[in-house]
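Written below as structure tokens is the structure these notes are about.
The values are calculated or read from the model by the stated rules, or taken from the named source; none is laboratory data. These figures come from a predicted structure and were not determined experimentally. Note: ideal-geometry Cβ built from the backbone for every residue, glycine included; neighbour counts use all protein chains shown.
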Amino acid sequence: MEDATAPVRSRPTIPGRLRAVIAAASISSIGDGAWTAAVPLAAAAVTRDPLAVSLVSAAALLPWLVVSPLAGALVDRWPHRLTLIAADSIRGLTVALIALLVLVDEISVPVLAVGAFIVMAGAVFHGAAAQSVVADLTDHDADLRHRVNGSVSAAETAGASLIGPPAGSASFVLAPWLPFVADAVSFIGSAALLRAVPKQPPTTDEVTAPRESLRSAIWSGMTWLARHRQLRTLALLTGAANFTTTMVYALLVLYATGSDGLGLRDRDYGLLIAALAIGGIIGGPLSPRLLRRLDFHRAVIIAMSVRVLLWPLLALTSSAVVAGAALAVAGFASSVVTVSVVSARQHFTPRDMLGRVVTTFRTLGNGAGPLGALFGGIVASKWGIDACFWTAGGLMAICLVVASRTVLRRSSATK
């Protein structure tokens, strides 16, 4: 059986054609961070109802369930470079419209939910195409692929969790429309940078093979993943982690700014989100080193185990310092999981099916997010935010107990 850990001979240099992908991720992620802080603040300014606020988070994650399967089949047919540019351009125009509605004071929870859905739908297409581009341009160099994935993860974490959220929350206090304008500009800038990515000519198989229907293409991606034991297991574990994580993140703004939580000011909420980046930025570059010593499964199991303790810790503390430290550790664990599963998909999946497998994987993994956000909102509405955090930790512990013996046994069998 093939070993999941690829051998490493030397530390490769990232070529210029891949630096454009990393640079685009850096630029757009700063705007994403501003969006991450501004959207819940805008929703909380409209209503303090936990269920209504969680609906915005659920809408942002819903594309993983309803758009993702179709997106994968289309990405495998469309030019990857053009898909990246189009996705960023559409997201930029959507966020610009949200900024305008905030400016004229016509914003509402349904409008924010629809905007969040469109932005995330674009992210579904963008993510599948970006991973295909990285796989195309790194060919069979596993260490270069890990390095690029780690660099993209670190760049996205730095922008989305360290730079963007404090800027977004501070600019929201100055002018509620300002962070949305910043996000729109970042998407347009990313689209411009991605023009430097070289066009990939179609392969001989792509030119000569008969074009299957979209339904058949979607089904083939689903069945391939269902039959691949290692990727299927990673997808289910990722789904469990995302379900419990979004239970927490969907209500983090109420926990942070509420008098019965941390009691932070709106402008300080972005700093709490930024704490996620401390661990995430460290985790991105370190993940390739971990993958030289651990296979994909072991790295994911260890990283996910950390969250079992983190979510109850948030329920127990009223200290912003302790909460920030816990979120920093969560950021490190998230980077390890992200780099591990992205590299695993690129490592095991045939190139001509990567878009479909990526989106099917994300449907299982990220599709649990909206359900987690809604479930967290229901739990918090009935028993309080602390109960939601305890529940998240308990559910993750149960999933790991069920899965860990099987995962670790299978991972040992590959050696």
In the stretch 296-415, which helices (runs of 4 or more DSSP H) lie fully inside it and hold 1 or more residues that are within 26 Å of residue 130 (Cβ to Cβ)? 296-316, 320-348, 354-365, 368-383
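Looking at the stretch 1-54, which of the residues that are in a loop (DSSP other than H, G, I, E, B) and at pLDDT 75 or above is surrounded by the fewest Cβ atoms within 10 Å (Cβ to Cβ)?
Step one: of the stretch 1-54, the residues in a loop (DSSP other than H, G, I, E, B) are 1-15, 47-49.
Retained after the next criterion (residues that are at pLDDT 75 or above): 14, 47-49.
On the way: 14: 15, 47: 14, 48: 12, 49: 15.
The selected residue is 48.
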Across the stretch 372-394, what is the total count of residues that are under 18 Å from residue 304 (Cα atoms) and surrounded by fewer than 19 Cβ atoms within 10 Å (Cβ to Cβ)? 2
Can you confirm whether the stretch 93-105 contains a residue that is modelled with pLDDT of 90 or more and not hydrophobic (A, V, I, L, M, F, W, C)? yes
Residue list for the stretch 95-147, restricted to those being outside any helix (DSSP H, G or I) and in contact (Cβ under 8 Å) with a residue 60 or more places away in the chain: 107, 108, 141
Looking only at the stretch 84-106, count every residue that is closer than 21 Å to residue 130 by Cα and of a type in the set (Asp, Glu) and tell me the total. 1
For the stretch 260-271, does any single residue satisfy the condition of being crowded, with 23+ Cβ neighbours inside 10 Å, in a helix (DSSP H, G or I), of a type outside the set (Val, Ile, Thr) and in contact (Cβ under 8 Å) with a residue 12 or more places away in the chain? yes
So residue 181 ticks every box in (1) under 15 Å from residue 41 (Cα atoms); (2) part of a helix (DSSP H, G or I) but one. Which box is left unticked? (1)
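If you go through the stretch 144-167, how many residues are of a type in the set (A, V, I, L, M) and under 19 Å from residue 266 (Cα atoms)? Spell out how you get there, then give the answer.
Taking the stretch 144-167 first, the residues of a type in the set (A, V, I, L, M) are 144, 148, 152, 154-155, 158, 160, 162-163, 167.
Adding the requirement that they be under 19 Å from residue 266 (Cα atoms) leaves 160, 162-163, 167.
Looking only at that region, the number is 4.
Here is a check on your reading of the model: is residue 71 in contact (Cβ under 8 Å) with a residue 24 or more places away in the chain and in contact with a Pro (Cβ under 6 Å, 6 or more places away or on another chain)? Can you show your working first?
Values: in contact (Cβ under 8 Å) with a residue 24 or more places away in the chain: yes; in contact with a Pro (Cβ under 6 Å, 6 or more places away or on another chain): no.
So residue 71 does not fit the description; no.
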Got at least one residue in the stretch 163-174 being of a type outside the set (Lys, Arg) and farther than 30 Å from residue 106 by Cβ? no
All but one of (1) more than 27 Å from residue 404 (Cα to Cα); (2) among the aliphatic types (A, V, I, L, M); (3) touching a residue at least 12 places away in the same chain (Cβ under 8 Å); (4) out of contact with any Gly (no Cβ under 9 Å at 6 or more places or on another chain) hold for residue 278; state the number of the condition that does not hold. (4)
Within the stretch 61-84, restricting attention to residues that are buried (at least 21 other Cβ atoms within 10 Å of the Cβ) and at pLDDT 90 or above, which residue is nearest to the chain's Cα centre (by Cα)? 84
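This table checks each residue for (1) surrounded by 23 or more Cβ atoms within 10 Å (Cβ to Cβ); (2) among the aliphatic types (A, V, I, L, M); (3) within 18 Å of the chain's Cα centre (by Cα).
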site	(1), (2), (3)
291	yes, yes, no
299	yes, yes, yes
312	no, no, no
321	no, yes, no
328	no, yes, yes
337	yes, yes, yes
342	yes, yes, yes
348	no, no, no
354	yes, yes, yes
Among the residues of the stretch 281-291, is any closer than 22 Å to residue 36 by Cβ, in contact with a Phe, Trp or Tyr (Cβ under 8 Å, 6 or more places away or on another chain) and either part of a helix (DSSP H, G or I) or not hydrophobic (A, V, I, L, M, F, W, C) (or both)? yes
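Examine the stretch 224-239 for a residue that is hydrophobic (A, V, I, L, M, F, W, C), more than 17 Å from residue 354 (Cβ to Cβ) and part of a helix (DSSP H, G or I), and state whether such a residue exists. Show your work before the answer.
As a first pass, look at the stretch 224-239 and keep what is hydrophobic (A, V, I, L, M, F, W, C): 224-226, 231, 234-237.
With more than 17 Å from residue 354 (Cβ to Cβ) added as a condition, the list becomes 236-237.
Applying the additional criterion that residues be part of a helix (DSSP H, G or I) yields 236-237.
For the stretch 224-239, residues hydrophobic (A, V, I, L, M, F, W, C), more than 17 Å from residue 354 (Cβ to Cβ) and part of a helix (DSSP H, G or I): present.
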